[in-house]
Amino acid sequence: MPSQEKPKTWIIVRDGATVKDNAIEAVAFAEAVSNMQRAIDNIGFSKLGKAYKKDEFRLYFKEIREGSVIVPLFPITYGTDLDGEKTFIDITECFERLMNTLNDNPDLFPSQLEIEIEDPSARIGLLKSLLSFASSGSIIEMKTSVEQPDHGSFIPKHQKEYLEELVFKYGGTGIVTIQGVIIGIRGDNLSYFIINTTIGRNINCYFKPEIEDQVKNLYKKWVRVTGNMIQTQKNYRIDSVENLEQVTLETLHKIGQYILLKPITFTVSYDNNDKQWCLFNNDLALYGCGDNYKKAIKSLEEEIEGHILSFSEYPDDMHSEGSLQIKQTLLQHLDFNEAKCLIDKRYGGA
């Protein structure tokens, strides 16, 4: 019978300055667990926005096992919704992917960080957690699985200086780039506009009078804003817009749960009449719309699943020539067998 045990995120602290004879310094242990929790919260908030509930992803541990120091951490409930367990795994696996990239391909890490973690404040918070792991006196590994793993993802100590530079880059200068739809213009002299970002946060963006006409022309359009972001009492604001441009294309490396072999570029737009965010790629017959960015991506994910099921369950002679061309193009971006397994696992297929 399959195991009913839930997945956990294991923290493995190898022998070193803080670990001796399967015992760890209390302060070092508290710091490792605290950084893990902060990383979970930052990734969860960046991916889910206001839908992320910190209490539902609060980590607990009940035992410490032998093997240096190995600690299983897990939420008590895995969230209240049916996908709570899946969401927990998505968040921890995102953390592992970032750690692996930093380890194996550090030059690719900044671009992956920006793709995976869109919220600027969450990005900085996650970088600080990674920096703390890299600064630990002992190697700290993590892995999400049901059974105790032999090894996990970790941050090599030589990346400490690189992480410090990234923290300064993303947090020290205050310059950030965000995407979203301009949903309002305010002020006696049209001094700021409100952008609804891709994670559902509304941010006030203050601009100079000389770009007033450009702001008006981009009202209710999908835009990219670069400027100096500062933290306010309740939120963030951009106090000086340095660049503003309309976004017409969006390149995705992952659509929902499906990681792409090659990224796919979509044409993007905002339908003001229906209040819909839209992404589409005609060559792949993929069309996603929703009343926020997250729902538009969800719509794309469902389109991907429809293609996979159609091409996997029906032979080529039952498809049109145009449909087969879509299949051949999609095969360059997606592993059909792996995607079909994910669909079966998700929906209880054969």
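Every read-out reported here was derived from the displayed coordinates using simple, explicitly stated rules and does not represent laboratory data. Just so it is clear, the structure is predicted and the values come from calculations on it, not from any experiment. Reconstructed Cβ throughout: ideal geometry from the backbone, glycine too, with neighbour counts over all protein chains shown.
The table below lists the values:
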quantity	calculated
Of D271, D55, D316, the one that fluctuates the most in a GNM where the chain has Cα springs shorter than 10 Å	D316
Size of charge dipole - the range 249-347 - debye, nearest 20, with Cβ of Lys, Arg +1 and Asp, Glu -1, no other charges	420 debye
Whether the range 238-346 is rounded, prolate or oblate, judged on the alpha carbon gyration tensor where a/c under 1.5 counts as rounded	prolate
Order of D344, D41, D119 - criterion: other Cβ atoms within 10 Å of each residue's Cβ, fewest first	D344, D41, D119
Inter-centroid distance (Cα atoms) of the range 321-346 relative to the range 259-295, Å	18 Å
Kirkwood hydrodynamic radius of the chain, from inverse mean 1/r over distinct Cα pairs, in Å	22.3 Å
Scattering curve values for the range 175-246, log₁₀ I(q)/I(0), Debye with Cα scatterers, q = 0.17 Å⁻¹	-0.52
Size of electric dipole in the chain: Cβ of Lys, Arg +1 and of Asp, Glu -1, about Cα centre, debye, nearest 20	1040 debye
Packing-based exposure ordering (other Cβ within 10 Å, fewest first) of T18, T92	T18, T92
Ranked list, fewest to most other Cβ atoms within 10 Å of each Cβ, for M36, M318	M318, M36
